[in-house]
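Rule-based calculations on the coordinates, nothing more; no lab input. The structure presented is a predicted model; accordingly, all values stated were derived computationally and were not measured. Glycine gets a Cβ as well: all are built from the backbone with ideal geometry, and neighbour counts include every protein chain shown.
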Amino acid sequence: MEVKVEEKTIQFKMDGGLKTTFLVMILVGILSLVTAFLGFGHENTRHLDATGHAHHSNMGYSVLLVATFLVIGLSAVSLFFTAIQHITGAFWSVTVRRLFETMATFMPFLLIPMIGVILGMHDLFEWTHEGVATTDKLIKHKSGYLNEPFFIGRMIFFILAWSIFAYLFYGKSTAQDKDKDVSKTKSMANLSGGAIVFFALSFCFISFDLMMSLTPHWFSTMFGVYSFAAAFQTCLAVWAILTTVLKQKGYYGDTFNENHLHDIGKFMLGMTVFWAYVSFSQLMLIFYANIPEETFFYEQRMTGGWMPVTLLVPTLKFIIPFFLLLNRPNKRNSGTLVKISYLILVSQIFEIYWLVFPANFENFNIIGLVLSFGASIGTLGFMGFYVFKKLETNKLIPVGDPRLEQCLKHHQ
């Protein structure tokens, strides 16, 4: 059956309902952050100063870090997946690729929450405390990498570099809508090689910096891949949610159907399994070696009331999604796949919370979990508002892509 691209289905306009939803989400995030910053400072027994006294810490910075790392993963993986589509010459994803490209251009706005994280370095990271590097041999050994000027420089550099790649892809793609220049497809494929290599390295480093260095005495060579798998799985879930929202509002028409959704679902299943593989491999290697310098990371998350949270992470992130995604009809039904996607999104916030809070809080705190979810809803609302406003400025699909016709005929 021939699929026609109707102008009204690819010229997006955000309605009042969506605007209100995103503004409410942003308000929830602001209120959560304000509550965390004003009401929940504590003596952090995980972090001791040079004299051996507990360091005073503000929960607000931990809550902000959870929300920040969530949207960093969504934006960065959108850039990576855009590059993957170009370098492989994929045609199945052409009609939804504009969504990936647009989410990637959110990069510069990541500097806003990142500034808050940088301001809270002394509350979050033990290695920033004055005098610790002189009394702690391991932190002193890592001080060439873990020092404030280099840390701040890396954060700014990664975000700016990602932003450049994102806007190059977006600019070339939207320009191709107008001039139909096939050479731009080749140009974006060439650009993709550098983008993928840079992403692989930079996302590992930003994971080390923002997550692993919360516990500077611990290390894992698999942590970068572990973080990537979780972010990729979540990004696929968000794409499934957003494409379904657009479809329900009358956009895309027949240019996006259950076959395209099925491919997103298959990727989601693959990354669900990959996350489980990497996370279990990391746990098993540490458990088997039984070296105190490594095992204490998991010990922190099995004591002080953290054990139920530790067990809930793989349940929400792997066990339930895995069995639901095995079923082919579930991957082709937008209603079912969106429900699974929301579960994965919730599990990602839960997992980042699990990574961040035990490093600074000896005992599980339900308030921190609630406020982390609130702040994450806020950053998701901020990102969603930006993405949907950006989608208004160009066609919803890359109408100039030479692979569009193949995409429209995609079936399985």
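Brief remarks on what is shown
- Sequence of 278, 66 once ranked by neighbouring C-beta atoms within 10 Å, starting from the fewest: 278, 66
- Cross-link partners of residue 331 among aspartates and glutamates (Cα-Cα below 13 Å; sequence separation of 8 or more within a chain): 258, 263
- Selection from 227, 206, 195 lying farthest towards where the dipole of region 162-248 points positive, charges on Cβ: 195
- An ellipsoid equivalent to region 303-358, defined through the eigenvalues of its Cα gyration tensor, has semi-axes of 27, 11, 6 Å when rounded to whole angstrom and sorted largest first.
- Ranking of 260, 217, 86, 129 by count of other Cβ atoms within 10 Å, fewest first: 217, 129, 260, 86
- FRET efficiency estimate (nearest 0.05) - Cβ-Cβ, residue 154 to residue 302, R0 35 angstrom: 0.65
- Test item: Cα-centred dipole of the chain, Lys/Arg +1 and Asp/Glu -1 on Cβ, debye: 1340
- Length added when fully stretched, residue 143-residue 31, from 0.36 nm per residue minus Cα-Cα: 36.7 nm
- Ranking of 178, 389, 395 by count of other Cβ atoms within 10 Å, fewest first: 178, 389, 395
- Coil-residue chymotrypsin sites (Phe, Trp or Tyr not before Pro) of region 193-282, DSSP, other Cβ within 10 Å capped at 16: 219
- Debye intensity ratio I(q)/I(0), log10, the chain, q values 0.11 Å⁻¹ (C-alpha model): -0.82
- Annotation note: GluC sites (Glu not before Pro) in region 249-347 located in DSSP loop regions with a Cβ neighbour count of at most 16 within 10 Å are absent.
- Relative contact order, whole percent, for the chain stands at 34, derived from Cα pairs under 8 Å and 6 or more residues apart.
- 19 Å Cα-Cα threshold exceeded, pairs from 339/409; 8/395; 13/339; 247/395; 266/339; 19/247: 339/409; 13/339
- Neighbours of residue 69, meaning other residues whose beta-carbon lies under 12 angstrom from its beta-carbon, give a summed charge of -2 when Lys and Arg score +1 and Asp and Glu score -1.
- For the chain, the membrane-span-like helices by this rule, meaning whole DSSP H stretches whose C-alpha atoms cover at least 18 Å of axis and whose Kyte-Doolittle mean is -0.5 or above, are 16-39, 59-88, 148-179, 183-210, 223-248, 258-289, 334-360, 366-391; this says nothing about an actual membrane.
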